[in-house]
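Where a number appears in this text, it was derived from the coordinates with a stated rule and is not lab data. Just so it is clear, the model here is predicted, and its values are computed rather than measured. FYI the Cβ positions are ideal-geometry reconstructions off the backbone, even for glycines, and counts take in every protein chain you see.
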Ligand SMILES: *Cc1c(COP(=O)(O)O)cnc(C)c1O
């Protein structure tokens, strides 16, 4: 039988986009773990502490889901954009910290904050468009921008200025085709928390440039340092803002896949420009969050008591201190900044203090092999020869893991 050729070919764009996959790089690192090492593997690598018993979610949330499920009222398809009770509850929850009220109409329910990113980026797609992303940042923005044919440009977060946005850099990068900038606050991967004054400057810069602000607040309220959390939406009358959030991090249920997009746009700029319709169309072509999780949202947001949040913040604060104090004393790390929010910190490798280690990937691979400890190499966040450390792990595992990192660094230290 003759045939010209198979017509299906790989999508090159997907290949470029998947270079920015944390999961893929971590799989490569984990492959080095020695199976005969009987010690537990310590995951300093990903932002999902749900498997540790001290990070179990509140019973309020579990009960809310069980009640919704067992009522048999939520077995059908969810409405596009989300169930009204869920949208109303999220609008009320977010409005507590805003100088104006969000309406049900300002909120869309998504499958986690991740789908919120997908929907917003697919709505921004147009020929020649570019977007400004933080470096270091969250690689899903890079991957999804590439998939949507939006050109990616990176502005720096300034380590010497507590990881604030390099606003001069932002102004230099932007041009007529720039549509939006992304900020992540509290910060993944730097563990920083922006001040009210800095957020205002970001809003003013974006207004001058005429661009949308996408405020990723996946770690909203997870702060334990000097600055408390200020939602970007506070500045919605300066510049239109789309705030992305979810239950995943604050309630430690990332597998429940419940997130949202909130329109912080009291002057209606997004509606007038047709962008809201565009988001609705994008939502219409995507999958909705599970109905019984959506139905549980009002109870989860309204009934979770402070003692749950306080307990989690206490663990995170202690974990962050332990981690920072330990790594600071190890000579192969420099430029550490004490984390004040989220679940992460960035540490720079000082390769001159390490013998036989070529770069961040080499460091993480050998650490996995010799100590069964997993760190994320910085290159995937465009920070070569840095590592991202997640301190959100059970305190005893944290101490164990830090001791192993210390032993590894001492073993590989340059002989003086
Ligand atoms: C975890 C995370 C997300 C995705 O959150 P989900 O709700 O689990 O989809 C988005 N942005 C940042 C910065 C994150 O760390």
- In percent, how large is the relative contact order of the chain, given Cα pairs closer than 8 Å and 6 or more residues apart? 24
- Message: Which of 232, 1, 383 has the fewest other C-beta atoms within 10 Å, and how do the rest follow up to the most?
- Response: 1, 383, 232
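Taking N as the number of residues in the chain, what is its alpha-carbon radius of gyration divided by 2.2 N^0.38 Å?
Here the Cα radius of gyration is 1.01 times the empirical estimate.
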- Item | Residue with peak Gaussian network fluctuation, the chain [Cα springs, cutoff 10 Å], from 404, 39, 250 | 39
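Counting other beta carbons within 10 Å of each Cβ, put 412, 196 in order, fewest first.
With the fewest neighbours first, 412, 196 line up as 196, 412.
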- Message: Restricting to bridges with both residues inside the chain, how much of the DSSP beta-bridge set is antiparallel, in percent to the nearest 5?
- Response: 55
- Determine, for each peptide in 181-191, 329-339, 261-271, 134-144, the mean count of other beta carbons within 10 angstrom over its residues, then list the peptides with the highest first. 181-191, 134-144, 261-271, 329-339
- In whole Å, what is the distance between the alpha-carbon centres of region 147-183 and region 237-255? 20
- With all pairs of different alpha carbon atoms counted, what Kirkwood hydrodynamic radius in Å does region 288-416 show? 16.4
- Ranked output for segments 108-120, 7-19 by mean other Cβ atoms within 10 Å, highest leading, reads 108-120, 7-19
- Please order 379, 275 by the number of other Cβ within 10 Å, starting at the fewest. 379, 275
- Query: Picking from 161, 369, 406, which is most flexible by a Gaussian network model of the chain using Cα springs under 10 Å?
  - Reply: 161
- Packing-based ranking, highest mean first, of 341-353, 57-69 given that Cβ atoms within 10 Å are counted: 341-353, 57-69
- Task: Using only Cα atoms, locate the centre of region 12-40 and the centre of region 262-320, then give the distance between them in Å, rounded to an integer.
- Result: 30
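What shape does region 108-201 have by the C-alpha gyration tensor, where a ≥ b ≥ c are the square roots of the eigenvalues, rounded means a/c under 1.5, and otherwise prolate means a/b greater than b/c and oblate the rest?
oblate
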- Task: With everything on Cα atoms, drop me the angle between helix 395-411 and the longest principal axis of the chain, reported from 0 to 90° to the nearest 10.
- Result: 50
- Task: For region 323-373, state the semi-axes of the equivalent ellipsoid (square roots of 5 times the eigenvalues of the alpha-carbon gyration tensor), sorted largest first and rounded to whole angstrom.
- Result: 20, 13, 10
- Item | Antiparallel content of DSSP bridges confined to region 59-303, in %, to 5 | 40
- With all pairs of different alpha carbon atoms counted, what Kirkwood hydrodynamic radius in Å does region 59-303 show? 18.2
- Between 0 and 90°, nearest 10: helix 306-328 axis offset from the chain longest Cα axis: 40
